[in-house]
1. For the stretch 198-213, indicate whether the set of residues that are charged (D, E, K, R) and either assigned to a loop (DSSP other than H, G, I, E, B) or open to solvent by less than 50 Å² (accessible area, probe 1.4 Å) (or both) is non-empty.
2. Can you tell me which residues in the stretch 284-298 are under 17 Å from residue 314 (Cα atoms), part of a helix (DSSP H, G or I) and open to solvent by less than 10 Å² (accessible area, probe 1.4 Å)?
3. Suppose we filter the stretch 350-373 for residues that are among the aliphatic types (A, V, I, L, M) and farther than 21 Å from residue 139 by Cα; how many remain?
4. Enumerate the pairs (first residue in the stretch 232-248 and more than 18 Å from residue 177 (Cβ to Cβ); second residue anywhere and in a helix (DSSP H, G or I) and open to solvent by less than 20 Å² (accessible area, probe 1.4 Å)) with beta-carbon separation below 6 Å, excluding pairs fewer than 6 apart on the same chain, so at least 6 apart or on different chains.
5. Output the residues belonging to the stretch 299-309 that are in contact with a Lys or Arg (Cβ under 9 Å, 6 or more places away or on another chain), part of a loop (DSSP other than H, G, I, E, B) and among the hydrophobic types (A, V, I, L, M, F, W, C).
6. Quick one: residue 173 ticks every box in (1) in contact (Cβ under 8 Å) with a residue 60 or more places away in the chain; (2) touching a Leu at 6+ places or on another chain (Cβ under 6 Å) bar one, so which box is it?
7. Filter the stretch 49-75 down to residues that are crowded, with 18+ Cβ neighbours inside 10 Å, touching a strand residue (DSSP E or B) at 6+ places or on another chain (Cβ under 6 Å) and assigned to a loop (DSSP other than H, G, I, E, B), then give me how many there are.
8. Restricting to the stretch 234-283, name every residue that is charged (D, E, K, R), open to solvent by 60 Å² or more (accessible area, probe 1.4 Å) and either within 20 Å of residue 328 (Cβ to Cβ) or not in a helix (DSSP H, G or I) (or both).
Amino acid sequence: MSGGIMEQSAEQAVLEVAAVRRHRHRAPLRHPFVTAARRTEAVEYVVAEVELAGGAVGQGSAAETVAVTGEDAASILAALDGPLGAALRGARGTIGELSARIAAAMPGATSAKAALEVALHDAWARAAGRPLVELLGGSAVSTMRNDMTVSLEEPATMAERAREAVAAGHEILKIKLGHDIAEDRERLAAVVEAAPSARLRLDANQGWLPEQAVEIITGFEADGLPVELVEQPVAAGDVEGLARVTAAVSLPIMADEAVWSAVDAHRLIEARACDLLNIKLAKTGGLRGAIEVAEAARRAGIDCMLGAMMEPRISITAAAHLALAHPAITMIDLDPPAWFASALPRGGIVQERGVLRLSGGPGLGLELLRPDVDAEGGGR
């Protein structure tokens, strides 16, 4: 593994995959999650399960994110039942070799790949009797301050959500914007009034044109608002426009939808199109692809956020293990468990007053999620 963050003895161990399984789930959210791209009230997701020849079982998960990855539950199931499962079932090799088989099995399907690759890593670490973070080169007792998302709604509703988050101990709020400049200003003003002590991360989800982005961001700067960064202000494919925004404003600009792989990271870095990168396992196809992006950033001296879409606890726990292991990852946006009505499966991560830590235990440190839990979407 590039960068040498993997523990070498574990990296070289030969694994044999005895079985690959999957089951489908559906979990309601406490309240709707709204961005410039989509509205979500419940999450359809699939759990991938890998059993090694020695009996260790690991799990990973993939949520429907049609607006971002193009995948729904049916396509995730088809990928796992088809090329991805076939690539891993009965295979022998090191963790790196088996991960490479998943990556090469089919184009796209990054969420499905992430689910299977995380399940493989969970099983690998459980077989070693170690927390995954340690095998990735980090410490199981590390912590990191998380943010809380305030989704794109009416200003009064956003203000109330911000007050609730600060009362729960969150110091950093991620504010969803990106529909209309005038309305975005009203939304942000309402949040600042409701939570004047909070540090703000703004996420436009590709909602502005470059000229609009420069106008609104320079306005925020002139007003002296407590903004730490602005995430993906323009369309993902508009690298030149993103570079124009980055050059024109003082606030750090973070690329999200524009970076899916190390190739994307290198292109953005060379174009000086952003100051920061947001890594998501559902975009990179799992942990290995995410590490490659983080390594590209580390070599360029760029910090990264480890983020997520509205994904279940298994996915978020895997992201937390990586975030606490890689030196280029200095920020996290891993609040989805707080949105889910269900706290299952138990274990994995603990969040107290906005600070995230791992709960301990081998692998991801999670109980295995049974097929009959949250099975409204067709647990089978």
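The values are calculated or read from the model by the stated rules, or taken from the named source; none is laboratory data. The structure presented is a predicted model; accordingly, all values stated were derived computationally and were not measured. Every residue, glycine as well, gets a Cβ built from its backbone with ideal geometry; the counts of neighbours run over all protein chains shown. Heavy atoms of the whole protein, side chains included, go into the accessibility calculation; ligands, DNA and RNA do not. Shrake-Rupley method; radii C 1.70, N 1.55, O 1.52, S 1.80 Å.
1. Yes, there is a match, as at least one residue in the stretch 198-213 is charged (D, E, K, R) and either assigned to a loop (DSSP other than H, G, I, E, B) or open to solvent by less than 50 Å² (accessible area, probe 1.4 Å) (or both).
2. 287, 290
3. Total meeting the criteria: 3.
4. 244/210
5. Once the filter is applied, which keeps residues that are in contact with a Lys or Arg (Cβ under 9 Å, 6 or more places away or on another chain), part of a loop (DSSP other than H, G, I, E, B) and among the hydrophobic types (A, V, I, L, M, F, W, C), the stretch 299-309 yields 308, 309.
6. Exception for residue 173: condition (1).
7. 1
8. Going residue by residue through the stretch 234-283, those that are charged (D, E, K, R) are 238, 240, 244, 256-257, 264, 267, 270, 272, 275, 280, 283.
Those still in the list that are open to solvent by 60 Å² or more (accessible area, probe 1.4 Å) too: 240, 244, 267, 270, 272, 275.
Selection gives 267, 270, 272, 275.
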